[in-house]
1. Given (1) outside any loop (DSSP other than H, G, I, E, B); (2) over 23 Å from P89 (Cβ atoms); (3) modelled with pLDDT of 95 or more, identify the lone condition not met by T268.
2. Within the stretch 26-36, is there a residue that is in contact with a Gly (Cβ under 8 Å, 6 or more places away or on another chain), on the phi < 0 side of the Ramachandran plot and modelled with pLDDT of 95 or more?
3. How many of the residues in the stretch 205-226 are within 20 Å of N26 (Cβ to Cβ) and either exposed (fewer than 15 other Cβ atoms within 10 Å of the Cβ) or of a type in the set (D, E, K, R) (or both)?
4. From the residues in the stretch 3-60 that are assigned to a loop (DSSP other than H, G, I, E, B) and polar (S, T, N, Q), which one is surrounded by the most Cβ atoms within 10 Å (Cβ to Cβ)?
5. Mind listing whichever residues of the stretch 197-215 are within 19 Å of G19 (Cβ to Cβ), small (G, A, S) and in a loop (DSSP other than H, G, I, E, B)?
6. Out of V136, V131, report the one residue that is of a type outside the set (K, R), within 13 Å of the chain's Cα centre (by Cα), modelled with pLDDT of 85 or more and farther than 24 Å from F210 by Cα.
7. I'd like the full set of residues that are among the small types (G, A, S), touching a Lys or Arg at 6+ places or on another chain (Cβ under 9 Å), in contact (Cβ under 8 Å) with a residue 24 or more places away in the chain and not in a helix (DSSP H, G or I), limited to the stretch 218-261.
8. If only one of V285, V263 is within 22 Å of A132 (Cβ to Cβ), surrounded by fewer than 19 Cβ atoms within 10 Å (Cβ to Cβ) and at pLDDT below 95, which one is it?
Amino acid sequence: MTGDIIMKQIAIYGKGGIGKSTIASNISAALNERGVSVMQVGCDPKRDSTRILAGGHLIPAVLEIYRDKLRHGQDAHAISLDDIVFKTPSGIYCVEAGGPEPGIGCAGRGVLTALQILKDLKAFETYAIDVAIYDVLGDVVCGGFAMPIREGFASEIYLVCSGGFMSIYAANNIARAVQRLARRGDAGLSGIICNSNGDEALERAVVPAFAQRLGSAFVEFVPRSSVIQACELEGRAVVEHAPQSEEAVIFRDLARKVMENDVKVIPTPVEELPELEELYRQHVVRPEAV
């Protein structure tokens, strides 16, 4: 497929622990299965975004290698793509930005440094990437973590949330950041993905309603699943470890939707907390009075 399309640049944001990396990695694997050349870039100091793509391993981070070069008196330009890009056996290119030493420096600035190194080394051109997926820490959208959008690395933004109120609250905050940044460039909100926490009745009602309130699309519902959990424990993507499962079908469908989607909107987030609470309250399934 390489050469037939303009590279898509996708950023996936959401509350910490909501399953962004699970969603991002399984999209990457499903796209790779379709013959799409994919690079996934983990933009989180924990550097675990690409773990299930790399067979359960944590790959070396860009900033870790950068610091190691400096410690040994080497120029930062001594870094090569072979140092920082890991290619999985199935052909997915993986990069982990990493972060500063604990307690020192800004992790968000570290993300920018890593992305700039990839750009300077012409990583996307060298590997003929069709789709770049940035998995971004999203609890606090500080200037650093907004860099994939602000600096033009990512133009299609997907928010991952569950039906939990704090998950939707965090997604709404991220949408506010996207609203500001989208007015300055080519970026926009491409849709909402629900990664279920198990309360399906609530989630199938409230998450699409939230997407509609943002003026965006509800893209996919990913169920809470023992199959997905088992694949994560094995360090494998679902389409590889359980290719005949219903969950694999869901991730293939999600990957297709992401690949085919070209709609980006400037979101209209909820500005006042009481309004967000009321939106949520309207869809809570209340127990019958005894």
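The values are calculated or read from the model by the stated rules, or taken from the named source; none is laboratory data. Predicted, not measured: the structure shown is a model, and the values here were computed from it. FYI the Cβ positions are ideal-geometry reconstructions off the backbone, even for glycines, and counts take in every protein chain you see.
1. Failed condition: (1).
2. Kept after step one, since they are in contact with a Gly (Cβ under 8 Å, 6 or more places away or on another chain), are these residues of the stretch 26-36: 32.
From what's left, on the phi < 0 side of the Ramachandran plot: 32.
When the remaining residues are screened for being modelled with pLDDT of 95 or more, the result is 32.
Looking for residues that are in contact with a Gly (Cβ under 8 Å, 6 or more places away or on another chain), on the phi < 0 side of the Ramachandran plot and modelled with pLDDT of 95 or more, one finds at least one in the stretch 26-36, hence yes.
3. Number satisfying all stated conditions: 3.
4. Quick first cut of the stretch 3-60, residues assigned to a loop (DSSP other than H, G, I, E, B) only: 3-7, 15-19, 34-37, 44-60.
From what is left, the residues that are polar (S, T, N, Q) are 37, 49-50.
Working: S37: 21, S49: 31, T50: 27.
Here the answer is S49.
5. The answer is G198, and nothing else.
6. Working: V136 fails: farther than 24 Å from F210 by Cα.
Residue meeting the stated conditions: V131.
7. Hit for the stretch 218-261 is G235, nothing else.
8. Working: V285 fails: within 22 Å of A132 (Cβ to Cβ).
Checking each option against the conditions leaves just V263.
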